[in-house]
Structure formats: C-alpha cells, structure tokens
Amino acid sequence: MEDNQTEDEVLLLDSKKSKNNRNNDSLMKKIIYIITAAIGIFFICFIAQILGEKYGSFLATNNNNNNNNNNNNNNNTLSNDLPDGFVFVNEKATKGPITIDRKKDDGSKLNLYLMINKESDDFYYKQDEFDSLEENIPDKSDYLCELGTGYAPESYKGYDISCPSHYTIRIDRVFYGRHANDKEHCNVYYEGGPVEDKMLDVKEECGNEPIENVKEICEGRVYCTLRPGGSHFTDGCPSKFKYLHVNYHCEKDKELKKERFSIVMFSNSIKPNSIYENAISSFYQYAQIHGYEFQYNHYRYDVERQVFFMKLNSVLEKIIIGLKEKKYDWIFWVDSDVILANPNIKLEAFLPNEDMNNIHLIIADDVNGLNAGVFLIRVHSWSLNLLMRAMSYSYFNDKKGLKYADQSSINNVLYESEENDHYVVVPQNWFNSYIGLNQDGDFLLHLAGHVHKDSEAETFRNHIKNDKKWYSKTSKEMREEVLKYYALPEEEQHHIKFE
C-alpha cells in the first residue's frame, strides 16, 4: 500500500511540474509578445515623427512661400491686433468691420474688403527703374562753413547733404578746422560779409576729424543736416574761421524699399454706431488690407489741456518710437470724424516725388487755413522738433489767442520758423474733403464742424455701398494728380498765413 501511495504522489508531483512549466512558458510568451509590440510601436512612432518633421517642414516652407507671394502681391505684410475694446461684427469673419458692442451694432458699417479693386503697386514702386540705377554715384566733397555763435544752434538751418532716392549716404572722410593755406573755401561769414584775412591764414593743417560724429548724424540716410560750430564739434583750431569738410558717396539700396506706414487715431469717448466707431472700424480694415500698422489710442492722460492736444501727444509718441525702433517711415494721422470713402487709394499715392526728400509734412488746407484733421508726417528728427514746438507754442505765446488750438499751433510754428523747405500744403480733396465740396472717388470725407455727424455719416455710408463711383478712383490716378501738383512752381501751390 505504501508503494502505491508513493507512486501516486510521484505522478501528482510530475503533473504539477508539467503544469507549472506550461504556465511559465505561457507567461514568457506573453512577456516576449508585449516587448515585441512595444518595440514595434516605438519604431512606428519614430518613423512617423521623422516623416512628419520632413513633410511638415516641406508644407511649412510651401505655406511660407505662398504667404510671401501673397504678401508681395497684396503689399500686405503686417497684421494688426484688434484695437482695445473692439470685436469683429461677425465673430466668424475676420475680414470685415469691427465694433465695441456686437449686440448693439446696427449693420451699417462698411466692409472695405468688398470695395477693393485689384491694382498693381507700380503706380509708385517702379522695379525696372530701380534695377537700371548705378550701384554708386561719384564721390562728393562739401565744404560747410562755420555757423554763427550769436543765437541758439536750433535757430540756424544748417547745411544739407543728400543723395537721390534709392541711395543712402556713406561718409568717407571728415575734417573740421581749416586746411593749410586754404583761403578759397569759406571766406564769407554765414550771416554775410568777408572773413578777415587773419582768420583764414593757416600754415599747416589745423583741426580734427570727427568722422564718428558725422556718421551718427548722416550715415545710412537719404539726406541729413549738419551745423558746423563749437556747439556740435570740438574746436581744434581756435581763433580761425573753420569749416566742416565732408567727403561722402551715395550707395544704392540693396532692394527697392517699401514705405512703411503707421495709421494713428485717438478717441476717448466712443459709442456704438457713432461716426467715431465707424472711422476706427474702417481704418483698421484699411490698414489690414494694405499692410499698414494701425494704432488706436483712447486714454486721455493729459487732462489739463484741451483734448485736441492728445492728437499731438499721440503722434509725438509714435515719432519717438519710430526713430528708436525704425519700424515705420511715415505716420498718417486721422481725426475720428472721418469717412473712408475710397479704400483703393493707398497712402503711397500722396508721398513726395523723388526731388522732395526733405519734405516731412504733407497737410491740406481749407477756407480757415491749415487743417490738421488729416496729415502725413515723416518719421524724422525735424518732425519730432516740430511737434515739440507746437506742443509748447501756447506756453511761450500765452498772449496770443489760438482759434483752433493744436491746429493753430502747428500753423504758426511753420509760418514763423519759415520751414517751407520741409512741408507742403496740398489740395483739400486729396484726403480732407468736405461734404458738398467732395468729388467722385475722393479718399476721405471729413465732417469737421458738423452737429449731426452720426446720422450724416450713416447716410453717406449707405450712398457709398450703393454706388461704386465713390470708390472707383485708383491709386494710379491719384498719384498722377499728386505729381502734377508737386511739379507746380511753389508760388502756384497752396500756402498758409499766420493765425
């Protein structure tokens, strides 16, 4: 009996071992399967990532190329954020009007995207002409005579050195003083009258070479203004009448430059469907369409002066940023009581011709004189100084009544300072038309002085929607008109008078 039990126990033990082996084999197979599957999944993901990166890069490159092509064709290389407090009238349509209150919007806003007619940029940008220009213009050498010392340096106009359009100044050599035995150059005082012989008599080189100073002022610019004198340059030749001898050449731009614009507006009180809200909506769209920057300011931080001076504050801020960051070349100021009637006219159409590189302000007039409701001003040191003088004008002329506040300040600074070389007064219909005086195709309608601006503006927006003649005029036609006016003798152009 014991032998039988022992045999049964052996069989049972063998059976358990066999079962355990089968279980172990099954577990091992599962482990191997899981590891194999994991390796396979990892390998597939790795291959997919590589292909995705290559294919994604290919798509991104193509998309970028397509976007660049579209940008070049449309001159739309800048996208603006929505102005503070604004949303799209149709939240699903980002190419259309904007509002401060979608629920209250009355549906009368202009959709400028529906008014655009295709037109090439060659009315202003002429690639063929640019390509035909020589790379360098022969070297120039200018002797700029020492200025007087009886007045502040700012009172002297100084001397301009310049290059033609599409070229910039490159400074080669600068000398401030007087060359040995040179009595030929600068022998007459800046104010007039001959210089005494003893002030010209120099037996050897007398002076210094402030090339870095002049480069800072002129290098890379189309033109610059230099004011030789002790207030700007170190006197290395005392008791002698000096000059600034500048050698420079003009270097062609590497590519045809596109002018960069920033449109600036201010309104500290906007209601839904008002002319102000509509103006901001239109100019936001206009900037998006043509690739301009758009800046809307609404905070009145200077509450001690008339609100009109926030115009000068806003433009002055933008000029300073433009000079520091070099992001744009021109600022287009627009009052908020304006209707943008013809969005097909681009700002380039109004720019100075190639012989007017020293013109920095383009502004219209009306029956009351200068009208500062709409103007173009170049990002330039002259513009900065003009605005600072206009801002402070009433403080230094507090006995003079200014009929139109900021506008009269600008007018009188220009008039009293005889700044004719740097600004041009243009016909009103270019960008400041009044209702009743407007012509078909005019760029803007300005409702200055109107009492019922909101209702009148709505009426004219409906006219514009229903008649394409309002926006049929092209940039090319506008440019031809502009160039014809700029070619007129100065006495036949518009002028300002003291206000």
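What FRET efficiency would be calculated for the residue pair N208, E119, taking the C-beta separation as r and a Förster radius of 41 Å, to the nearest 0.05? Each step should come with its number before you reach the end.
Numbers: r = 54 Å, r/R0 = 1.31.
Computed FRET efficiency for N208 and E119: 0.15.
Could you pull out the pairs from K271/K346; K403/K476; K252/K318; K157/K257 whose alpha carbons sit more than 31 Å apart here?
Details: K271/K346 28 Å; K403/K476 37 Å; K252/K318 28 Å; K157/K257 29 Å.
In this structure, K403/K476 exceed 31 Å between Cα atoms.
From the phi of every residue in region 334-347, what ³J(HN,Hα) in whole Hz does the Karplus formula 6.51 cos²θ - 1.76 cosθ + 1.60 yield, where θ is phi - 60° and glycine or proline is x?
Couplings: 9, 5, 8, 9, 10, 10, 7, 8, 10, x, 7, 7, 8, 5 Hz.
What are the ³J(HN,Hα) couplings of region 149-161, residue after residue, when phi is run through the Karplus curve with 6.51, -1.76, 1.60 and θ = phi - 60°? Round to Hz, x for glycine and proline.
10, x, 10, 4, x, 5, 7, 9, 6, x, 10, 9, 10
Multiply the residue gap between S392 and D197 by 0.36 nm, knock off their C-alpha separation, and tell me the result in nm, one decimal place. List each step's numbers first, then the result.
Numbers: separation 195, 0.36 × 195 = 70.20 nm, distance 4.36 nm.
Between S392 and D197, full extension yields 65.8 nm more.
Quick one: P(r) of region 134-252 from all Cα-Cα pairs, 5 Å bins, percents rounded to integers, in order of increasing distance.
2, 12, 22, 22, 19, 13, 7, 3, 1
Which order results if K118, K271, K157 are arranged by neighbouring Cβ count within 10 Å, fewest first?
On the way: K118 7, K271 12, K157 15.
Neighbour counts put them in this order, fewest first: K118, K271, K157.
Pulled fully out, how much extra length does the chain show between S269 and T149, if you take 0.36 nm times their separation in residues and subtract their Cα-Cα distance? Intermediate results must be reported in sequence, preceding the final value.
Values: separation 120, 0.36 × 120 = 43.20 nm, distance 4.92 nm.
So the extension gain works out to 38.3 nm.
Please give the peptides 314-322, 180-188 ranked by average Cβ packing (other Cβ atoms within 10 Å per residue), highest first, as a rough proxy for protection.
Details: 314-322: 19.7, 180-188: 13.6.
Top of the packing list down: 314-322, 180-188.
So how much slack lies between N247 and H495, counting 0.36 nm per residue of separation and subtracting their Cα-Cα distance, in nm? Each step should come with its number before you reach the end.
On the way: separation 248, 0.36 × 248 = 89.28 nm, distance 3.67 nm.
Between N247 and H495, full extension yields an extra 85.6 nm.
Please compute one quarter of the surface area of the Cα convex hull for region 265-349 and express it in square nanometres.
Details: hull surface 24.5 nm².
Result: a mean projected hull area of 6.1 nm².
Through the Karplus equation 6.51 cos²θ - 1.76 cosθ + 1.60, θ set to phi - 60°, convert the phi angles of region 475-485 into ³J(HN,Hα) values in whole Hz; use x for Gly and Pro.
These are the phi-based 3J(HN,Hα) values: 4, 4, 5, 5, 4, 4, 5, 5, 5, 4, 5 Hz.
Can you give the relative contact order of region 417-499 as a percent, counting alpha carbon pairs under 8 Å and 6+ residues apart?
On the way: 54 pairs, mean separation 24.6, N = 83.
Dividing the mean separation by the residue count of region 417-499 yields 30 percent.
I'd like to compare 363-373, 297-307, 446-456: which one has the highest average count of other Cβ atoms within 10 Å, and what's the full order after that?
Working: 363-373: 19.6, 297-307: 12.2, 446-456: 14.8.
The densest-packed peptide leads the list: 363-373, 446-456, 297-307.
What residues from region 423-457 fall in the zone where the backbone N is under 11 Å from a label point 7 Å along the Cα-to-C-beta line of H298?
The answer is none.
Values in this text are rule-based calculations from the coordinates and carry no lab data. Only a predicted model underlies this, so the values are computations on that prediction, with no experimental measurement involved. Here the Cβ is made from the backbone with ideal geometry for all residues, glycine too, and neighbour counts use every protein chain on show.
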